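The values are calculated or read from the model by the stated rules, or taken from the named source; none is laboratory data. Please read all numbers here as calculations on a predicted model, not as lab measurements. Cβ sites come from the backbone with ideal geometry, for glycine too, and all protein chains shown count toward neighbours.
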Amino acid sequence: MSTGDRSYAAELSGRVSGAGRRFAVVAARFNGNVTEPLLQNVVACLTEHGTDAKAVEVHRVPGAWELPQACARLARDKRHDVVIALGCLIRGETAHFDVIAHEVARGLGAVSLETGVPVAFGVLTTETERQAVERADPKRGNKGREVALAALEMAELFGRLNSG
Ligand code: RBF
């Protein structure tokens, strides 16, 4: 596994089921050469694990800054088991990188805690574009697959907890 021992992907892959689950995916258009492969691999992983393709709702926002806003709107509706946020911030190219990255992470966490709907965090923060492209690449970092597996696990956990 290219993501190393710290990753949960190998443990979860093929062992979590998306059957009957509903997901919303919000992808930032900014750095689309990174976020589009992330999106494709999220959708592929969800459907490979039994999620109906029609139960995966995809939305796009201009940039990472808008992710918490759109995720909050979707999570409040309570129509999805998990909301998945996808974006890419590159330090070398982004003025105020630390401020934006921190605010996006804080905002997405707040959405989940305030709505009770899990939000999966698929926002890459890298030093260079090359690192970001590598992490999104299905043959290398495959972070899209990783975030989808986290979403599947959280859907199962909350499904169990919500049904008492
Ligand atoms: N959005 C991203 O998703 N990734 C970025 O690296 C990024 N860098 C930005 C750098 C600057 C200086 C500005 C002004 C915006 C950037 N954005 C980026 C877009 C941001 O998330 C948002 O879409 C816009 O600021 C409009 O609200």
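Return only the number of the condition from (1) within 16 Å of the ligand (Cβ to nearest atom); (2) within 24 Å of Gly141 (Cα to Cα); (3) out of contact with any Ser or Thr (no Cβ under 8 Å at 6 or more places or on another chain) that Val58 does not satisfy.
The one condition Val58 does not meet is (1).
Out of curiosity, is Leu46 within 12 Å of the chain's Cα centre (by Cα), within 16 Å of the ligand (Cβ to nearest atom) and either outside any helix (DSSP H, G or I) or under 19 Å from Asp137 (Cβ atoms) (or both)?
Details: within 12 Å of the chain's Cα centre (by Cα): yes; within 16 Å of the ligand (Cβ to nearest atom): no; either outside any helix (DSSP H, G or I) or under 19 Å from Asp137 (Cβ atoms) (or both): yes.
Against the criterion (within 12 Å of the chain's Cα centre (by Cα), within 16 Å of the ligand (Cβ to nearest atom) and either outside any helix (DSSP H, G or I) or under 19 Å from Asp137 (Cβ atoms) (or both)), Leu46 does not qualify.
Can you name every residue in region 1-41 that is within 16 Å of the ligand (Cβ to nearest atom) and hydrophobic (A, V, I, L, M, F, W, C)? If you could, list the steps in order and put the result at the bottom.
The initial filter retains those residues of region 1-41 that are within 16 Å of the ligand (Cβ to nearest atom), namely 25-39.
Across region 1-41, the qualifying residues are Val25, Val26, Ala27, Ala28, Phe30, Val34, Leu38, Leu39.
Filter region 19-43 down to the residues that are assigned to a loop (DSSP other than H, G, I, E, B) and either over 19 Å from Ser112 (Cβ atoms) or of a type in the set (Asp, Glu) (or both) and list them by number.
Of the residues in region 19-43, the ones assigned to a loop (DSSP other than H, G, I, E, B) are 19-22, 29-31.
Ala19, Gly20, Arg29, Phe30, Asn31 - these are the residues of region 19-43 that are assigned to a loop (DSSP other than H, G, I, E, B) and either over 19 Å from Ser112 (Cβ atoms) or of a type in the set (Asp, Glu) (or both).
Name the residues in region 52-89 that are in contact with a strand residue (DSSP E or B) (Cβ under 8 Å, 6 or more places away or on another chain), over 19 Å from Ala148 (Cα atoms) and either among the charged types (D, E, K, R) or in a helix (DSSP H, G or I) (or both), would you?
Once the filter is applied, which keeps residues that are in contact with a strand residue (DSSP E or B) (Cβ under 8 Å, 6 or more places away or on another chain), over 19 Å from Ala148 (Cα atoms) and either among the charged types (D, E, K, R) or in a helix (DSSP H, G or I) (or both), region 52-89 yields Glu66, Gln69.
Could you say whether any residue in region 116-128 is assigned to a helix (DSSP H, G or I), modelled with pLDDT of 95 or more and surrounded by fewer than 22 Cβ atoms within 10 Å (Cβ to Cβ)?
Going residue by residue through region 116-128, those that are assigned to a helix (DSSP H, G or I) are none.
Checked region 116-128: no residue is assigned to a helix (DSSP H, G or I), modelled with pLDDT of 95 or more and surrounded by fewer than 22 Cβ atoms within 10 Å (Cβ to Cβ).
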